[in-house]
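The values are calculated or read from the model by the stated rules, or taken from the named source; none is laboratory data. Computed from a predicted structure; not experimentally measured. Because the Cβ atoms are built from the backbone with ideal geometry, glycine has one as well, and the counts that use them run over all protein chains shown. We work out accessible area using only protein heavy atoms, side chains counted, and drop any ligands, DNA or RNA first. Shrake-Rupley method; radii C 1.70, N 1.55, O 1.52, S 1.80 Å.
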Amino acid sequence: MTRDIATRDWTVWSTDARLVLAGPEARDPARMQQAARLVDEELAGIDAACSRFRSDSELNRLHTALPDGAEVSPTLARLVRTALDAAVLTQGLVDPTLRYAMDAIGYDRDIDLIEDDSGLIRAVVSPRPGWRSVSLRARTLRVPAHLALDLGATAKAAACDAAAARVHEEVGGGVLIALGGDIATAGTAPAEGWNVVVRDLPGDPAAQVALGAGRALATSSTQKRRWNRAGLTHHHILDPRTGLPADPVWRTVTVAARTCVRANTFSTGAIVAGTAAPEWLEAHGVPARLIGRDGRTVFTGDWPEEAELAATNSASAA
């Protein structure tokens with residue numbers, strides 16, 4: 001493995017984060033400091049634009065004005081457009097208008113602050129696909145009053161793509177950004193590729209993947225971000241057709257793609273698609289690795305059927 005590697009690990013948005021620099025730039029501590037500052041700035045800008053959990057985020061501040069239309073910042077417009085593109089690509093399996101449904105099942109605050117309770121749950125379902133009711137023309141955003149946006153399904157992946165691209169542009173070299181199960185790369189990869197170990201929880205099957213330059217990976221899971229309510233265990237990936245957590249047919253779905261947003265869109269959509277996910281992914285030519293609730297592994301596209309590994313990290317790169 002190349003010696004020209006530098007890493008920074010931290011926690012953000014209640015998830016583990018990693019920044020990796022590869023190449024001669026990694027030898028200079030000042031370059032890593034610059035790269036870390038750029039990543040922090042990128043994430044802070046996205047958080048300020050669309051966080052559900054900050055009363056002062058742009059999305060929350062504009063909430064009451066959106067039924068009549070409001071001009072939004074370039075950052076928020078980009079994030080909304082990304083979310084709507086994901087809805088189109090998945091024909092609504094990934095829908096950014098599920099905020100009220102998410103609140104109804106108890107995910108109305110940062111995951112670290114959710115308390116288990118016995119409160120009743122009322123499923124919140126839009127009478128028509130919510131994403132089709134959202135209008136974004138230039139930077140004028142309109143959202144009907146009966147809907148509210150939750151961009152979490154795509155914003156973290158978009159943050160990975162944007163941060164990796166910005167660090168490569170301003171610092172140079174090869175760059176990998178990982179936010180939990182979302183991984184994006186930019187620039188030149190190490191000679192052996194970006195070695196990523198994919199695993200969700202201890203005891204789950206693990207596999208090693210070598211990502212080439214400019215490739216991305218995303219893992220969606222029904223095993224994390226879980227809590228109990230009304231005597232039932234819930235996870236954070238909702239089925240727009242029911243307003244409730246998707247049936248956990250799959251424990252995890254991992255997808256490789258050119259961008260982290262595309263990978264995350266398909267991994268999330270596959271969780272919602274349930275038993276139809278393998279056929280759906282094959283139809284789109286998507287390389288994916290699906291772990292069923294019974295532990296069986298299913299591959300689609302040209303995902304390599306690699307030997308299982310004994311690994312300690314859910315998704316790591318070095």
Got a sec? Which of ALA26, ALA30, ALA87, ALA48 is open to solvent by less than 60 Å² (accessible area, probe 1.4 Å) and modelled with pLDDT under 95?
ALA26
Counting only residues that are assigned to a strand (DSSP E or B) and either open to solvent by 20 Å² or more (accessible area, probe 1.4 Å) or among the small types (Gly, Ala, Ser) (or both), the range 171-180 contains a total of 2
Hey, VAL253 modelled with pLDDT of 85 or more, touching a Gly at 6+ places or on another chain (Cβ under 6 Å) and crowded, with 21+ Cβ neighbours inside 10 Å or not:
no
So, ALA35, is that one closer than 24 Å to ALA270 by Cα and among the hydrophobic types (A, V, I, L, M, F, W, C) or not?
no
Can you find a residue that is touching a strand residue (DSSP E or B) at 6+ places or on another chain (Cβ under 6 Å), at pLDDT 95 or above and of a type in the set (D, E, K, R) anywhere in the range 34-41?
no
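Table: residues versus (1) under 16 Å from LEU43 (Cα atoms); (2) in contact with a strand residue (DSSP E or B) (Cβ under 7 Å, 6 or more places away or on another chain); (3) of a type in the set (S, T, N, Q).
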site: ASP150; (1), (2), (3): no, no, no
site: ALA155; (1), (2), (3): yes, no, no
site: ALA159; (1), (2), (3): yes, yes, no
site: ARG166; (1), (2), (3): yes, no, no
site: GLU169; (1), (2), (3): no, no, no
site: GLY174; (1), (2), (3): no, yes, no
site: ILE183; (1), (2), (3): yes, yes, no
site: TRP194; (1), (2), (3): no, yes, no
Residue ID - farthest from SER221 (Cα to Cα), chosen from residues in the range 159-170 that are surrounded by fewer than 22 Cβ atoms within 10 Å (Cβ to Cβ) and touching a residue at least 24 places away in the same chain (Cβ under 8 Å):
GLU170
Does ALA36 satisfy being within 22 Å of ILE5 (Cα to Cα) and open to solvent by less than 30 Å² (accessible area, probe 1.4 Å)?
yes
Matching residues in the range 17-38 (assigned to a helix (DSSP H, G or I) and under 14 Å from GLY172 (Cα atoms)) number 13
Has the range 59-73 got at least one residue that is at pLDDT below 95, exposed (fewer than 14 other Cβ atoms within 10 Å of the Cβ) and not in a helix (DSSP H, G or I)?
no
Going residue by residue through the range 52-61, is there one that turns out to be under 16 Å from the mean Cα position of the chain (by Cα) and within 24 Å of ARG8 (Cβ to Cβ)?
no
Which condition does ILE183 not pass, out of (1) under 16 Å from ALA288 (Cα atoms); (2) at pLDDT 85 or above; (3) among the aliphatic types (A, V, I, L, M); (4) surrounded by fewer than 24 Cβ atoms within 10 Å (Cβ to Cβ), if it passes all the others?
(4)
Quick one: which of SER135, SER118 is among the small types (Gly, Ala, Ser) and modelled with pLDDT of 50 or more?
SER135
Could we say that ALA17 is of a type in the set (Gly, Ala, Ser) and within 22 Å of ARG142 (Cβ to Cβ) here?
no
Do you know which residues across the range 190-201 are touching a Leu at 6+ places or on another chain (Cβ under 8 Å) and open to solvent by less than 20 Å² (accessible area, probe 1.4 Å)?
GLY193, TRP194, VAL196, VAL198
Report, by residue number, each residue of the range 264-285 that is open to solvent by less than 10 Å² (accessible area, probe 1.4 Å) and under 20 Å from PRO304 (Cβ atoms).
PHE266, SER267, ALA270, ALA277, LEU281
